[in-house]
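Working notes, beginning with the structure itself.
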Amino acid sequence: YDDAAIIGLSLDEQRIILTRDRGLLKHTAVTHGYWVRSTVSREQLGEVVRVFDLGGSMRPFTRCMLCNGELQRVDKNIVADRLPPRVRMNFDDFAQCQECAHVYWRGSHYQRMRRMVDELAMVEPRSQL
């Protein structure tokens, strides 16, 4: 996205812009933004969770990673033809994005993400001075 599109989304959807681009945050149309200090993605997540005190309000695995649509449980038979053979054999619980129809299951990636989310949930909020 270019700066104008990011600013437009922020204003239209009342979102906070999280960025490493200081120039973007200096734009006069930006009403809510935060300059992310770390350059390491995992540290960036922890920083945002800490600064905005999100540890207790996270709702992981409820939104699509591709389009941010809501995920809803779906019967295996409905998505079976779209699953890799090993997934079809080894997993029974699935969720599907209501917007883009992407299918999710609790494979090894889920387990790694679960551990990371659990760690982030324990991040102490930034002290208020």
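All of the numbers you see were taken from the coordinates with simple rules; none came from a lab. Every value quoted in this text rests on a predicted model; they were computed, and no experiment measured them. Neighbour counts are summed over all protein chains in view; Cβ atoms, including those assigned to glycine, are modelled from backbone coordinates with ideal geometry.
Exactly one residue out of 46, 55 is assigned to a loop (DSSP other than H, G, I, E, B), in contact (Cβ under 8 Å) with a residue 60 or more places away in the chain and within 19 Å of residue 120 (Cβ to Cβ): that is 55. Are any of the residues in the stretch 68-85 touching a Leu at 6+ places or on another chain (Cβ under 8 Å), of a type outside the set (Phe, Trp, Tyr) and closer than 30 Å to residue 37 by Cβ? No, the stretch 68-85 contains no residue that is touching a Leu at 6+ places or on another chain (Cβ under 8 Å), of a type outside the set (Phe, Trp, Tyr) and closer than 30 Å to residue 37 by Cβ. Under the condition of being closer than 21 Å to residue 63 by Cβ and not in a loop (DSSP other than H, G, I, E, B), the residues counted in the stretch 88-100 number 4. Of the set (1) under 19 Å from residue 120 (Cα atoms); (2) touching a helix residue (DSSP H, G or I) at 6+ places or on another chain (Cβ under 9 Å); (3) free of Cβ contacts under 8 Å to residues at least 60 places away in the same chain; (4) of a type outside the set (Asp, Glu), all apply to residue 80 but (1).
Pairs are defined by a Cβ separation below 8 Å, a sequence spacing of at least 6 or placement on different chains, a first member in the stretch 60-71 that is closer than 18 Å to residue 111 by Cα and touching a residue at least 12 places away in the same chain (Cβ under 8 Å), and a second member that is acidic (Asp, Glu) and not in a strand (DSSP E or B); the pairs so defined are 64/99.
Here residue 115 fulfils each of the conditions (1) within 17 Å of the chain's Cα centre (by Cα); (2) surrounded by 15 or more Cβ atoms within 10 Å (Cβ to Cβ); (3) in a helix (DSSP H, G or I) apart from (2).
Within the stretch 16-30, being surrounded by 13 or more Cβ atoms within 10 Å (Cβ to Cβ) and over 19 Å from residue 125 (Cα atoms) holds for 17, 19, 21, 24, 25, 27, 30. For the stretch 51-106, enumerate the residues that are surrounded by fewer than 11 Cβ atoms within 10 Å (Cβ to Cβ), under 30 Å from residue 16 (Cα atoms) and of a type in the set (Lys, Arg). If the condition is that a residue be surrounded by fewer than 11 Cβ atoms within 10 Å (Cβ to Cβ), under 30 Å from residue 16 (Cα atoms) and of a type in the set (Lys, Arg), then 59, 73 are the ones that fit.
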